[in-house]
Amino acid sequence: MIATSSAIRPDFLSNPEKLHYIDGQWRPSLTGESLQTFNPATGRVLATVARGRQEDVDVAVAAARRAFEGPWSRFTPHERYALMLRVCDVIERNFDELALLDTLDMGAPLSRTKAMKDGLIKTIMYFASQAMSWSGSTIPNSLSGNYTTLTLKAPVGVIGGITPWNAPLISMWWIMGGALATGCTAIIKPAEDASLTTLRTAELLVEAGVPAGVINVVTGYGHEAGAALAAHTGVDRIAFTGSTVTGREIIKASAGNMKRIQLELGGKSPDIVFADANLDKAVPGAAMGVFNNSGQICSAGTRIFVQRSIHEEFVSRLVDFTKSIKTGDPFEPGVQLGPLVSKRQLDRVMTYMAIGVEDGARLAIGGDRLAGELAEGYFVTPTVFDSVRNDMRIAREEIFGPVASVIPFDTAEEALRLANDTEYGLGGAVWTTNVSTMSRMIHGIKAGKLWVNCYGLADAAVGFSGVKQSGYGIKGGAQHLEGFLYEKSVCINGD
Ligand code: NAD
């Protein structure tokens, strides 16, 4: 048993039986049911959360609709902006508790969750700035007569947000930020494995002055609470981040009332290293591009394509770097990788380790669970498979664990062909010092976000959207709010 992970308990968990947060109040499920959530570092129960079903979603949607049509609809852009600055202040003051909750609930090292403070505050500030910047337009028309034509924008209404467990601290803000900036309201259904940060954040928002009912949280399983939210006819739009399989279910469920949808789904992103790359940067960059957050990042660079002339050297340096990564108790200083989020995820990752070996890839390092006092947690060592072919299952299917597949290539054409030979199109990167190669790759790779000589950096002001089966709908940037707004065209007869 590891001492630190089991000893630390924030005030929010002094009562570990957490309820839904609806209309500014804590409410049990109407059935009275709850489910357990575990600390992945110890495998022990951390808390219980309410198990929401259709009837709880009905209550939350009604509350969100009332709030949307109530006083919240009369907030001016400036009032929403000022409120969001207060929200920012409250989140900043309570950030350490939120980081702690995320670490306990989903296992990322405390050093990682704490380091998200700057990015999170900038993200909220960015959405706050957008509260006063969206607008319609006047359009010169060719009508005969004295007509003025213009467009107005208006909030879409009630948003259903369904989020994953891999970065709860930030995932919820793609929904909350857009809703607060536009005057929409929202019901968030966080992942059943990591709901605590979202619940505490919703409570903090009301403390900051956000009217009750504007942001609601219903917890529970995806096939129950999530499915009910996705199908609810009182919800105008769904913003979903999660697996491609669930994304398909969301599309079907949304058909009933023709909901708008934004989907950010899985990935199998290529990370291409050319022989002219600066390996001092490319080796740690590509390694952490896949291992960060224990590989539980949708745009992780899981397929590392390496030009054959440097293949041997690259793999040897990658293995050395991987040896230096510290996996362990997420509260211990210096730990870079914590456990996987759940037993289910651990089993899934270990199954893929076996598949990789069976399919003939060479296990260069890793492939193990941690032993000793960490054996009860869901820890997996960072793993490198070498001599992988792009048609092997470990190169085609999303593992969502710290598993890198190294695939050698000869020419730029071949690298591009293999990089794009995937059903996904979320992220991708190239490491090169040659501008012409760089240009060719960034134009050629079919993916929504690309990095050159770096990996994984993000900023709320820079929008992106997946392609192929990685989803659609822009997240971030000036167009982020478009999903929360609809446009009306108006024609005025001036005579
Ligand atoms: P998941 O799709 O099972 O779960 C994500 C969310 O959807 C959870 O809140 C879950 O409860 C809910 N859900 C599950 N079934 C549902 C249904 N039928 N109707 C409505 N909601 C439902 O994903 P997971 O396995 O928990 O997470 C890992 C996957 O998420 C990976 O494929 C990963 O790529 C993807 N992901 C993508 C991003 C991204 O930004 N693109 C980020 C994180 C995770």
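The values are calculated or read from the model by the stated rules, or taken from the named source; none is laboratory data. Nothing here was measured: the structure is a model prediction, and the numbers come from that model. Quick reminder, even Gly has a Cβ in these numbers, built from the backbone with ideal geometry, and neighbours come from all protein chains shown. Just so you know, the surface numbers come from the protein's heavy atoms only, side chains and all, with ligands and any DNA or RNA stripped out. Shrake-Rupley method; radii C 1.70, N 1.55, O 1.52, S 1.80 Å.
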**OP:** Filter the stretch 237-249 down to residues that are more than 23 Å from Leu199 (Cα to Cα) and near the ligand (Cβ under 8 Å from one of its atoms), then give me how many there are.
**Re:** 4
Original post:
Can you list the helices (runs of 4 or more DSSP H) found entirely within the stretch 393-495 that contain at least 2 residues being among the aliphatic types (A, V, I, L, M), assigned by TED's automatic domain parsing to the domain that holds Thr327 and more than 16 Å from the ligand (Cβ to nearest atom)?
Top reply: 412-420, 435-444
**OP:** Scan the stretch 297-330 for residues that are surrounded by fewer than 20 Cβ atoms within 10 Å (Cβ to Cβ), hydrophobic (A, V, I, L, M, F, W, C) and assigned to a loop (DSSP other than H, G, I, E, B) and jot them down.
**Re:** Ile325
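So that you can scan it fast, the table gives a plain yes or no per residue for (1) modelled with pLDDT of 95 or more; (2) part of a helix (DSSP H, G or I); (3) within 16 Å of the ligand (Cβ to nearest atom); (4) open to solvent by less than 10 Å² (accessible area, probe 1.4 Å):
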| residue | (1), (2), (3), (4) |
| --- | --- |
| Val341 | yes, no, yes, yes |
| Arg344 | yes, yes, yes, no |
| Asp347 | yes, yes, yes, no |
| Thr351 | yes, yes, yes, no |
| Ile355 | yes, yes, no, no |
| Phe385 | yes, no, no, yes |
Original post:
Assuming Pro333 fulfils every condition listed in (1) under 16 Å from Ser111 (Cβ atoms); (2) without any contact (Cβ under 8 Å) to a residue 60 or more places away in the chain; (3) surrounded by fewer than 17 Cβ atoms within 10 Å (Cβ to Cβ) apart from one, which condition is it?
Top reply: (2)
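For Thr201, are the conditions met, namely being of a type in the set (S, T, N, Q), within 14 Å of the ligand (Cβ to nearest atom) and either touching a Leu at 6+ places or on another chain (Cβ under 9 Å) or open to solvent by 10 Å² or more (accessible area, probe 1.4 Å) (or both)?
Working: of a type in the set (S, T, N, Q): yes; within 14 Å of the ligand (Cβ to nearest atom): no; either touching a Leu at 6+ places or on another chain (Cβ under 9 Å) or open to solvent by 10 Å² or more (accessible area, probe 1.4 Å) (or both): yes.
No: the conditions fail for Thr201.
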Original post:
So which of Ser294, Ser254 is within 16 Å of the ligand (Cβ to nearest atom), at pLDDT 95 or above, in the same structural domain as Ile175 (by TED's automatic domain parsing) and open to solvent by less than 40 Å² (accessible area, probe 1.4 Å)?
Top reply: Ser254
Original post:
If the Cβ limit is 8 Å and pairs must be 6+ apart or interchain, which residue in the stretch 183-196 that is open to solvent by 10 Å² or more (accessible area, probe 1.4 Å) and modelled with pLDDT of 95 or more pairs with which residue that is more than 12 Å from the ligand (Cβ to nearest atom) and outside any strand (DSSP E or B)?
Top reply: Asp193/Asp105
**OP:** Can you run down the residue pairs with Cβ atoms below 6 Å, 6 or more apart or on separate chains, where the first is in the stretch 441-466 and hydroxyl-bearing (Ser, Thr, Tyr) and the partner is open to solvent by 40 Å² or more (accessible area, probe 1.4 Å) and within 14 Å of the ligand (Cβ to nearest atom)?
**Re:** Ser465/Tyr472; Ser465/Ile474
Subject >> the stretch 109-145: number of residues that are over 26 Å from Gly178 (Cα atoms) and surrounded by 15 or more Cβ atoms within 10 Å (Cβ to Cβ) >> reply: 3
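Kindly state which helices (runs of 4 or more DSSP H) lie completely within the stretch 42-109 and contain at least 3 residues that are aliphatic (A, V, I, L, M) and over 24 Å from the mean Cα position of the chain (by Cα). Steps first, please.
Numbers: elements: 54-69, 77-93, 95-106.
Qualifying helices (runs of 4 or more DSSP H): 54-69.
Counting only residues that are among the polar types (S, T, N, Q) and either open to solvent by less than 20 Å² (accessible area, probe 1.4 Å) or within 14 Å of the ligand (Cβ to nearest atom) (or both), which one in the stretch 146-167 is farthest from Lys114 (Cα to Cα)? Step through it out loud before you land on a result.
The initial filter retains those residues of the stretch 146-167 that are among the polar types (S, T, N, Q), namely 146, 148-149, 151, 163, 166.
Keeping just the survivors that are either open to solvent by less than 20 Å² (accessible area, probe 1.4 Å) or within 14 Å of the ligand (Cβ to nearest atom) (or both) gives 151, 163, 166.
Numbers: Thr151: 43, Thr163: 20, Asn166: 15 Å.
Going through the qualifying residues, I end up with Thr151.
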Original post:
Among the residues of the stretch 210-241 satisfying the criterion of being of a type outside the set (Val, Ile, Thr), assigned to a loop (DSSP other than H, G, I, E, B) and within 22 Å of the chain's Cα centre (by Cα), which is nearest to Val158 (Cα to Cα)?
Top reply: Asp236
Subject >> Selection count, the stretch 213-236, where residues are open to solvent by 10 Å² or more (accessible area, probe 1.4 Å) and either without any contact (Cβ under 8 Å) to a residue 60 or more places away in the chain or more than 8 Å from the ligand (Cβ to nearest atom) (or both) >> reply: 8
Subject >> Boolean, Thr198 is touching a Ser or Thr at 6+ places or on another chain (Cβ under 8 Å) and among the polar types (S, T, N, Q) >> reply: yes
